[in-house]
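> Next up is a structure, given as structure tokens.
The values are calculated or read from the model by the stated rules, or taken from the named source; none is laboratory data. Values in this document were obtained by computation on a predicted structure and should not be read as measured data. Because the Cβ atoms are built from the backbone with ideal geometry, glycine has one as well, and the counts that use them run over all protein chains shown.
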Amino acid sequence: MRLSNLADYAVVLMSAAARQCGSVPLHAALLAEQTGIPGPTAQKLVSGLARAGLLVASRGSGGGVRLARPAAAISVADIIEAVEGPIALTSCVAEGRHDCSLEGSCKVQPHWGVVNGAVRGALAEISLATLSVAPAKVGVAGGHAQTTKAPVFAGATS
């Protein structure tokens, strides 16, 4: 399974937005510059993420976009589903789909819902706040790995 580039870019863009956390008005052009995502793609993503209720846009002086809710309340699953629709590993997991040639005789089909639910559940457990902080640094001292927690970016919520 592989995410589309658009879903990947959406996660990157939302992480950048979470790191800003109200410090400056955010616009698609600024997010594109900060992330390296092409401008038209960033604009498309900002519009789509706002339609999905993950970003809120405001007009006028000082306007722009901001997270619709705290970063800790937005999951990776929310972002992926905003771009790609419901997470479905196989077509038989999607409601109303009956286009599998094995339908009716497949012994695995009844179990795909469990697998799909586990993958979606794992993605739902990862918050945007988690992706908005620097990863822990791992060093080796005396042959043992030592992990130190990296500082949290200003304004990031967890």
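Residues are listed down the side, and each one gets a yes or a no for (1) basic (Lys, Arg); (2) in a loop (DSSP other than H, G, I, E, B); (3) under 22 Å from Ile126 (Cβ atoms):
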{"residue": "Ala7", "(1), (2), (3)": "no, no, yes"}
{"residue": "Val11", "(1), (2), (3)": "no, no, yes"}
{"residue": "Leu30", "(1), (2), (3)": "no, no, no"}
{"residue": "Pro40", "(1), (2), (3)": "no, no, no"}
{"residue": "Gly48", "(1), (2), (3)": "no, no, yes"}
{"residue": "Gly53", "(1), (2), (3)": "no, yes, yes"}
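> Within the range 73-88, work out how many residues are at pLDDT below 95 and of a type in the set (A, V, I, L, M, F, W, C).
2
> Taking only the range 98-134 into account, find how many residues are part of a loop (DSSP other than H, G, I, E, B) and either surrounded by 13 or more Cβ atoms within 10 Å (Cβ to Cβ) or of a type outside the set (D, E, K, R) (or both).
The qualifying residues number 12.
> Report whether or not Ile79 is of a type in the set (Val, Ile, Thr), surrounded by 15 or more Cβ atoms within 10 Å (Cβ to Cβ) and in a loop (DSSP other than H, G, I, E, B).
Taking the combined requirement at face value, the residue does not satisfy it.
> I need every pair where a residue in the range 101-124 that is of a type outside the set (S, T, N, Q) has its Cβ under 6 Å from the Cβ of a residue that is part of a loop (DSSP other than H, G, I, E, B), sequence separation at least 6 or different chains.
That search, which allows pairs on different chains as well, returns Trp112/Thr90; Arg120/Ile87.
> Oh, and also: Which one of the conditions (1) at pLDDT below 85; (2) among the small types (Gly, Ala, Ser); (3) in contact with a Pro (Cβ under 9 Å, 6 or more places away or on another chain); (4) at positive phi does Gly64 fail to meet, given that it meets all the rest?
Status for Gly64: all satisfied but (1).
> Restricting the range 94-148 to residues that are modelled with pLDDT of 90 or more and polar (S, T, N, Q), which is farthest from Ala82 (Cα to Cα)?
Among those that are modelled with pLDDT of 90 or more and polar (S, T, N, Q), it is Thr130.
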